Each structure stands twice: as C-alpha cells, then as structure tokens.
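The values are calculated or read from the model by the stated rules, or taken from the named source; none is laboratory data. Quantities reported herein were computed from a predicted structural model and do not represent experimental measurements. In this analysis, Cβ positions are derived from the backbone assuming ideal geometry, glycine residues included, and neighbour counts consider all displayed protein chains.
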Amino acid sequence: MNDVAVCAPRTAQTYKSSYKPIWCPGCGDYSVLSSVTKALAKVNVAPEEVVVVSGIGCSSRIPAYTNCYGFHGVHGRALAAATGLKVARPELTVLVAGGDGDGYSIGGNHFLHACRRNVDLTYIVMDNHVYGMTKGQPSPTTEPDWDSKLAPGGTGMRVFHPLVIALAAGANFIARAFSGDPNGTAEIIAQAILHPGFSFVEILSPCVTFRPEQREWKELARPAPVAPTTDAARAARRLMSDDGFNIGVLFEGDRPTYAHGRTSPRCELADLENDFVLAGVDTEEVPA
Amino acid sequence: MMLATTQEQEARPRAIVPAHADATSLSIAVAGSGGSGVMTAGSLLLEAAGKAGFYGLMVRTSGPQIRGGEAAALVRLAPRPVNSLDDGFDLLIAIDWLNLHRFADEIALTPASVIVGDPDAGDLPEALRACGARYVPLPLKKMAKAIPGSWINMLALGLAGALAGLPERALEAALRASWTRGEAGLEANLTALRAGIAAATGIEGVRPLARAASRSDADAAVRDSPARWLLSGNEAAGYGALRGGVRFVAAYPITPATEMLEWMAPALAKVGGALVQAEDELASVNMIIGASYGGVPSLTATAGPGLALMTEGIGLAVAAEVPIVVVDVMRGGPSTGIPAKSEQSDLSFAVGGLHGDAPRLVLAPASIADCVATTQWAVQLAEALQAPAIVLSDQFLGQSRAILDVPPQRAGVARRLTAAANVPDYKRYRDTENGVSPMAIPGTPGVVYTADGLEHTEAAIPSSQARDHRVQLDKRQRKLVMHDYGAAWADVEGEGEAAVITFGSAAAPVREALARLAARGVNVRLLVVRLLAPARPEHLDRALDGVTRVLVVEQNHGAQFYRYLRSVYDLPGKPASFHRPGPLPLRPAELADAILAWRGA
Amino acid sequence: MNAAMEVRSAHVEQEGVPKTLAEFMALALAMEREAAQRYAEFGDAMETHNNVEVAELFRRMATIEAGHAQAIMTQMGWRDPPAVASDPWLDAIEGPETPRGDDVHYLMQPWHALAIALACEERAERFYERLAAMANEPAVRDAARELQREEHEHVALVRRWMDKVEKPAEGWGVDPDPPRYTD
C-alpha cells in the first residue's frame, strides 16, 4: 500500500487520456476504464506514479486510454513484467490489466506464481468468456458447450475458476466485480489497490460482439450474500460453490507481502572485492 | 549494393505506371464503413467473376475497430490467374468517405481512374481529389433507401460488376448462392443489384474485362474452362497439410493464422483427425511433438510472436528427430508489430533462430495455390527426414482470396521410415548413410526407446561424449543436405545474365514486373526459392549458370534474404538488394523501376 | 432486476432519501453529471465507429445534460459539485437519467439514441416522483416535485423529437460483413 499523496483531490478525468477506445460500443470495458479512473481518484495517487501493465487483447488496450504510465507487453506476460517493475520500483502503484484469454490461458502459469509471490500488485481481469480480438475462440472461462469454429460443439473442458485458483495459490485479496455497476466496481478496485500484497479483481465485462447473450448478466450478477472473510478455509468453501456471479470482495488476507525487493545499500560496491582478495601467508598457517 | 528505400519514398506511392499498363486486368476497390458491407461486396464480386470464367484476387484492409470501422475490399480481376495487386486502381466505389484517407497508400489512383461516390456523404476528400481521377457522383444511399430491405453493398456490387463487364447472371448467381437470410431479403437485394447494374450504363471510363463475343461464347468459356477453386492461402495451407497426411493439430489463436486453424478444426474431424486448442504456443509446439512422437503427422500454425515462443520446442524436435510442421503466417514485426498486415521479416529467425547447431527445413509457398503444394510437401519432407519444417507463409497469402485452377495433386503422401517390430540391436539414432534412421512408433514391440533433447548415443542414451555429439550433429545435418528435393526447391524462369532472386508473396509482383520488362525486350532470369533451408550451393550454382549479377527482392527492412543468401552461398558479382518493409504490398511498377535501374547500371 | 437486489434495496430505501434541500440538489446534480458523462462517452464511441450522425446526437445530449448540471450549480451557488452518499439511487445501480452502457450498438440510428434518452428521462421522472412521496422534509418534497415536472417536460420534448425522426427499418443492426482481426 502506497502512502496517499496529500494534495488537492483528483477526479476520474485526471486519469483519462485523450485517446478514444476502439472497443465496440456497448463493450463492458468502457465501464471498467471508468471504474479504474474513479478508483485511482479515490486513492488519489499522482498519475505519473501509476503504471498500467497489460498483455494482448481487447482489454489489454486499456493503458493507452489512461493518463498514467503504461506498458503494453506481449500476450500473457503482463504479470511477469509488472512483478519486475514493482520489485525494482516499489514506490510505484502498479496495476495489471488484461482479459481472460491473456490472463488465464497463456498467462495461467504467471497467474499462479504471482498469487504465490504476493508482490503488491493489483490485477484486473476483464472476463468476457471469449477471445475477442482474434474473433471469437473459447477461453478458459468459456462454458464447455459453447460452439465455435475452433472447437465445434464446445471444448468439453471444465471451466477455469480463477477465484478458487487465486485463493489456493495465495492471493491476498480476491474480489469479483461487474462492469454493469461502474461505481461499485470503482469501490472494489480502490480497495484492491489499497490492500497490501497481490490483489485480484475479476470483472465480468460482457462482449457485445461475440457473446451478445451476456446482456443477461445484468440479471444474474448479485451482491455476494455474505461479508468478505479473512479466513482462507471459509473462503475456499464459499468459492467452491460459487456460481460465478457473486459480486463483492470475497477474501481479504493478511499474508506478508513479498519481502525480497530492493532495499537500501548495506555496503559499498568495492567492499564486495573482499570475496576475491587472496590473503597473504599468515605466519600461523605455515608450521615452523 | 543496396537499393533500400527511404522513408520519404515510402510515404507516397511510387512512380505509378498507369493502371492500364496491364491492359488485361481490372482493379476495383470498394470502400465504406459502419455496416456498409464492403468485404461482402468484394467477395461476391470475386465469386461472380469466377462464375463468369474470369480469375481474380481479393485483399482486405480495415481500420482497428472490430466492427463498424472503415474498410476496403481490393479486387483485381483478369482473364488469367492473378497473384498480385496491380500498381493502382481503375475504379474506386466509396460508399462513404469516413477515414478513407487511411487507405490512401493502398488505393493508388491516377487520372485514368474513376471514383464513384455518394454526394450526400460529403465532398470528395482532398487526398482523392489531388490524384486527378474522374469523380462520378451517385446517390448510393438514396438509391438503396428506395429499395426497402436492401443493402447498399449490393448496389455497389451491381455497379462494380457491370462496369467490369460481368454478366448479370453471374452476379445474380453469386448473390443467390451466398444468401442465407430469407426470401424477402433476397428479392430486395436482387433489385438493388439490378439497380446498381443499371446505374453503370451511365458511367464512362472504366474499361471492362475482355468480353466474349456472344452469350454462347461466354457459356462455352465457363463450361470448357478447367475446374477452379476460390479460397484463401490459409485454407489452402490447411488443405495441403491434410493432403500431406496431417491428422493432429494443436492450435492457439493469433492473427493472421487463426483462420487456417479454424478451417482445419472441422476438416480434421471429418477425416479422422483431431485439433486441440492449446493454452499457449509453448503448449502447441510441445503437443504436436508429442503427437508426432506417437506416430501421427502433426502441425501447428502461428505468426511471428508465436513462432518466437515455439523455438525451444522446435529445437527439441531437431534434437529428438521428431517430424513437425510449423506454419508461420508472417506479419509486420518485430514483437507485436502490425498484426493485420504482411511482411517477410521472419526469414532470419526461421533459418537461424534456434540455439545450438540446429538444422531444420524452411519452405516458402510463392502463391495462394502454392500454399497447397508447399504445405503438403513440407509435411512429406518433415516425415521423410524426421525433422521440423517451418513453412513461411504471410498475411498477404494467408488472408487474400483468389480464384485458381485446381492445383495439380502433388505426388505421394508422407511416409515416415519406421522400425519394424523386434528388430535386433535396434538403435533409434543409428548413424546411417543418408542420416535417416528408422523411428520406432510406440506400440511396436521390441524396439522401445526414449526420445531425448539431450545429446545422445546412437542407442538413444544421453551422452556428453565428443564422438556422439559429432556423429549426431553430422547425422542431423546430413539427412537434410543429402536429400533429393527434386525440381520443386525453386522455380527457375527465363534467361539472361542478370537474375532476380526472391521468395514467397514477393514472387508474384516480381513476375509481373519481369513480364512488363520482357515486353520491352529486357530479359531477366527469375529464381523463386521454395526451399530456403537447408542451403545447397551446387543447386543454386546450377540455377544461376551463366548469371553474372543478382538482385535479391524481399519485403522487409533488414534485407534478410539477401544477407542469408550471401552467408550460405557464393553469389556471382556484387549481389544487390531491393528491400522494403510492410505494411504496403510490393507492386509491379516499383519493382520494374528498380530492376531496370539495377540492370542498366 | 433480481429478487436479491430488491430485498436489499427495500432496506436501503428509507436511508436513501435526502434529508435536506442541499443534499437533494447535490443528488440531482450528480444525476445530470453522470448522464452528461455517459452521453459524451457514447459520442466518442460512435465517432470511432464512423457513426457520425448518432455521435453528434449523443454529444448534443451530453451538452444538454451538462447545461442542466450547470444550472443547478449556479442556482445553489456551488463552485465544485458536493459529494453524495454512495448508492444514492434507491434500487438502481446507476443514476436514473444515465443511459445504460450496453444500450448502444455501432449501427444504431438517431431514433435509437432518442429512445434511450426517452427511457432516461422517464426513469428520472419516476425517480423524483418516488422521492417526493418518500421525503419527510417539505423543502425536499417540493424540490422533488419541481424536478419531476421538469423531467416530465423533457419526456414530452424527446417524444416530439422522436416523432420527427425516421423510425429504423427492420434489420437495421445487420452488418453484412463479419467482425475483423485487428491484433
């Protein structure tokens, strides 16, 4: 958690760039962009102190639409890049953003280990159960019977449960939000940013072009019926029976954040040469 | 000597030979945005031309939006097969002007061109006015509105088709064949089509394709012409792979290769194969290695960023001698680059980008039709030589659609040399004379072995011994270099002391450029290389017999092919290079200019 | 809106009603500002997708809503918009006058945009009607009724506007071309 700058409150507008998103009109990501900028305003960190790191996909276009520093990296590796950045520059506020294909498929391995490592990052996944940018292939969160060209009749594969996996792997803050509630989502993102360690926010964000049926998510999304828990075992029981539409903060952990970041130097560079110095003969070493 | 282009030269269209320099083909662009359906119009125009006995090529271009953005269908029609775009366009039909300036470089126009646009959509934009083309205003939107239930792109289709000289029957047939939305809509759109055809009669200045003298001649032309296909390079490559015997594919979506995989998914199921969508490219390449180790010819398709991830896997296939085929549909690089545009900039990577000494096969189809034969050949070679094969296709070939004569069947399905059961003293990596050792397929008794990326003895036991390393390195190289690839390794055409060497999608515009020069009495030999790796110097020497100077032509910034050829071959004289990067395709006129200038020197 | 949300909102309802005129006007201001912002976003999205006519229409609506907002600020003598309680919209997630994010379509026509605006104004009118019924403070009640009348006029205005605009033909949303690759 970063110290909040004490100065005039900023508004969501402060964090918006002048680039207009190319997302299809009606896309949930517009709302997520709005929520992210509102959340940053709540946290009131200077835009130049924020870096938004992303991968490849429609959702990963988001950095250029903010007024913060951005890194639009390669497919699936945003968490790795963000980890390097945060460990090297711990004073920055680092947000990681991307979609379900980028994050859970090719990025799956990095997701597991980012949760374990618990570096202070906030990871936002805009989940629309599809690969949008490449025109509609199933993603890990797509239902097993969703028909597509690449998997006719459906993949037949069990759906990936990111929240369960995040919990099992050690994420320190786990929440689900819905793009249909931009203010509620802004609230959750702000909490995630302020919560120490790896904060994971999965945001249901419908794709109007490839999954128009997701308009019904408005009817299905509901506030989670229970308050967030700090007990991992209880969270696990809840998440294992979660149907994917409970909205809210679901788990708040208290694991210590990653401790092997940069610290201030403890010695001079030249002191390291002591390892190499060949000692002269000590009269005690040589028997008389 | 480098004839690299400067940025400035790239910014404006090169000295354009008037489009009518190629008097037999007609180039039409249909542009519009926000649901105007120009891609569909272009596709139907191409199909109609096919039904009328013509050939054609269609290239798509669009803005960054997934739906509703500006788009243009670029269609070239001719009485003979065409594999390249012409220098400019004879006709531009603009349904609206929104962001059309984005396509200014791609849709070059001259004073001989005609632009049809809708005056209600605003004035002709300055960029288009400046080219001097003749502007014919036509109230397309009003005309479409007057036919309830019709689409404006059908008007454009009728207009384009009639100006091209296509018979109404062909246009109608194309529309009917594609229609899936009910009778009422079909009638309305047929009406729109006819309205477009009628509107063409008032428009001068577009010279139609060569027309048959009578209707019966036209019918005869269609009836007597050999069977033809209409498909994209991606589909062609997918089909070629199946012809070669591929029955397992691992897939990870990436522009511009996804369509190949999407075509193969149901096709494989039909022929008893399987496709698995992988979690990423690391998984894809390892999945196909696994399947191939099990005895099933396997393939994946990707683009530059995916190929980069697959390199470790390809190296494993080299070391363990497991056949795989990786199709790389090249796009603008480096890194994420320009995903929806073509470039030939993965060549260095394909021929060299593996750690260690890792010989592999690299092939490049030279046209959409060639995607069938070359992919099939790649499968055959990979299987025969128990090695990975990279097929360098590109976005231009992969995503363009063309009408072609049915490609001749390439002889032979892939055949892997396998070990019989219970062979005494079986050694998987036996040092044979031609370097190919029988491969035991799991399930075969008496010849079990463990495949390994670690260096190994002939008996497949891991080894760090100098002798074993030497033997295996020699074997893996020898098997590729000693193989008899036959005549397909390159196309050698024409005579002359000067030769142009090229590969892939650059071949078609180079061929056209050379045809224009030949018409002026300037003769240049052409070498289109299909087998890029391994390099075989004596074969190149034979192809360049009598040649004293060569010019290497390619579409990338770093002159990759030029540098590669110079590194593995002794080229005659002082080899020269013409290279420029994507996203704009190479055009015959710029190549003709460059070749003439080089040859004159 | 599903049952769970209704249960929750009944509990919130009593608390959600503004208690002073200033609180109420702050809420009204927030409504106009949120709507203005959403219409502006729609305008940008439409322009990016070459739907110029609708883009301009949304920008006009944004300007109108911003105008309403400015009028409130002037009337109340505010320089900056005051904060409002979180979740102030009774049982709705967003302000009643705010168009819903997924109501737009890249091929939509002016009539659709006006239909959206109509729905917004109608929701706003009903919202003020409910607040007026629920408010205990007379100043709040009067203000709510006043704004309800204003929204009622807006509804009529939009209806008249819609009558002048061509109704979209069937199949307006059909795009002959499939979606495209970009990345």
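Points worth noting:
- Selection within region B:543-568 - surrounded by fewer than 17 Cβ atoms within 10 Å (Cβ to Cβ) and either among the hydroxyl-bearing types (S, T, Y) or over 23 Å from B:A533 (Cα atoms) (or both): B:G546, B:T548, B:S567
- When C:A119, C:A139 are checked against the criterion of being within 30 Å of B:Q65 (Cα to Cα), surrounded by fewer than 18 Cβ atoms within 10 Å (Cβ to Cβ) and not basic (K, R), C:A119 stands alone in meeting it.
- Looking across region A:186-207, just one residue is at the interface with another protein chain (Cβ under 9 Å from one of its Cβ atoms) and touching a helix residue (DSSP H, G or I) at 6+ places or on another chain (Cβ under 6 Å), and that is A:P206.
- Condition check for B:A420: over 30 Å from B:F349 (Cα atoms), among the small types (G, A, S) and either modelled with pLDDT of 95 or more or not in a helix (DSSP H, G or I) (or both): yes
- Of all residues in region B:334-350, those satisfying the criterion of being away from chain C (no Cβ under 14 Å) and buried (at least 22 other Cβ atoms within 10 Å of the Cβ) are B:E343, B:Q344, B:S345, B:D346, B:L347, B:A350.
- Test: C:A169 is surrounded by fewer than 18 Cβ atoms within 10 Å (Cβ to Cβ), free of Cβ contacts under 8 Å to residues at least 40 places away in the same chain and either of a type in the set (S, T, Y) or away from chain B (no Cβ under 14 Å) (or both): no
- Cβ separations smaller than 8 Å between residues 6+ apart or across chains give the following pairs from region B:417-434 residues that are at positive phi to residues that are not aliphatic (A, V, I, L, M): B:N422/B:P445; B:N422/B:G446.
- Scanning region A:161-171 for residues that are within 11 Å of chain B (Cβ to nearest Cβ), under 22 Å from A:A236 (Cβ atoms) and within 21 Å of the chain's Cα centre (by Cα) turns up nothing.
- Pairs with Cβ under 6 Å, 6+ apart, first in region C:77-91 and assigned to a loop (DSSP other than H, G, I, E, B), second hydrophobic (A, V, I, L, M, F, W, C) and surrounded by 15 or more Cβ atoms within 10 Å (Cβ to Cβ): C:P81/C:L29; C:P82/C:A26; C:V84/C:A26; C:V84/C:L27; C:V84/C:A30; C:P88/C:L27
- Residue-level analysis places A:D120 outside the set of residues that are more than 13 Å from every other protein chain (Cβ to nearest Cβ) and over 14 Å from the mean Cα position of the chain (by Cα).
- Selection within region A:63-96 - within 14 Å of chain C (Cβ to nearest Cβ) and either under 19 Å from A:I106 (Cα atoms) or touching a residue at least 60 places away in the same chain (Cβ under 8 Å) (or both): A:H72, A:G73, A:V74, A:H75, A:G76
- So B:V38, is it farther than 19 Å from B:A236 by Cβ and either touching a residue at least 60 places away in the same chain (Cβ under 8 Å) or touching a helix residue (DSSP H, G or I) at 6+ places or on another chain (Cβ under 7 Å) (or both): yes
- Residue count for region A:51-61, restricted to those that are touching a residue at least 60 places away in the same chain (Cβ under 8 Å) and either surrounded by fewer than 24 Cβ atoms within 10 Å (Cβ to Cβ) or small (G, A, S) (or both): 2
- B:A121 falls short of the stated requirement of being under 14 Å from B:L44 (Cβ atoms) and buried (at least 18 other Cβ atoms within 10 Å of the Cβ).
- Condition met for B:A513 (assigned by TED's automatic domain parsing to the domain that holds B:R549 and part of a helix (DSSP H, G or I)): yes
- Filtered by the rule that a residue be within 9 Å of another protein chain (Cβ to nearest Cβ), out of contact with any strand residue (DSSP E or B) (no Cβ under 6 Å at 6 or more places or on another chain) and within 20 Å of B:G398 (Cα to Cα), region B:238-277 gives B:Y252, B:T255, B:T258, B:E259, B:E262, B:W263, B:P266.
- Single residue of C:I72, C:I116 found to be in a helix (DSSP H, G or I) and within 30 Å of B:W151 (Cβ to Cβ): C:I116
- Within this structure, B:L128 passes the test of being surrounded by 20 or more Cβ atoms within 10 Å (Cβ to Cβ), aliphatic (A, V, I, L, M), at pLDDT below 95 and farther than 22 Å from B:L44 by Cβ.
- Single match in B:H469, B:H483, B:H456 (criterion: surrounded by fewer than 17 Cβ atoms within 10 Å (Cβ to Cβ), over 30 Å from B:R228 (Cα atoms) and modelled with pLDDT of 95 or more): B:H469
- A:T155 passes every criterion in (1) within 12 Å of chain C (Cβ to nearest Cβ); (2) over 22 Å from the mean Cα position of the chain (by Cα); (3) of a type in the set (V, I, T) apart from (1).
- Top-ranked residue of region B:588-601 - restricted to ones that are of a type outside the set (A, V, I, L, M, F, W, C) and surrounded by 22 or more Cβ atoms within 10 Å (Cβ to Cβ), ranked as farthest from B:Q395 (Cα to Cα): B:E590
- Matching residues in region B:278-294 - criterion: being more than 9 Å from chain A (Cβ to nearest Cβ) and either closer than 30 Å to B:V59 by Cβ or touching a strand residue (DSSP E or B) at 6+ places or on another chain (Cβ under 7 Å) (or both): B:S284, B:V285, B:M287, B:I288, B:I289, B:A291, B:S292
- With a requirement of 3 or more residues that are at pLDDT 95 or above and in the same structural domain as B:T444 (by TED's automatic domain parsing), none of the strands (runs of 3 or more DSSP E) lying completely within region B:232-337 satisfies it.
- Among residues of region B:32-84 being over 26 Å from B:G504 (Cβ atoms) and basic (K, R), the one that is surrounded by the fewest Cβ atoms within 10 Å (Cβ to Cβ) is B:R67.
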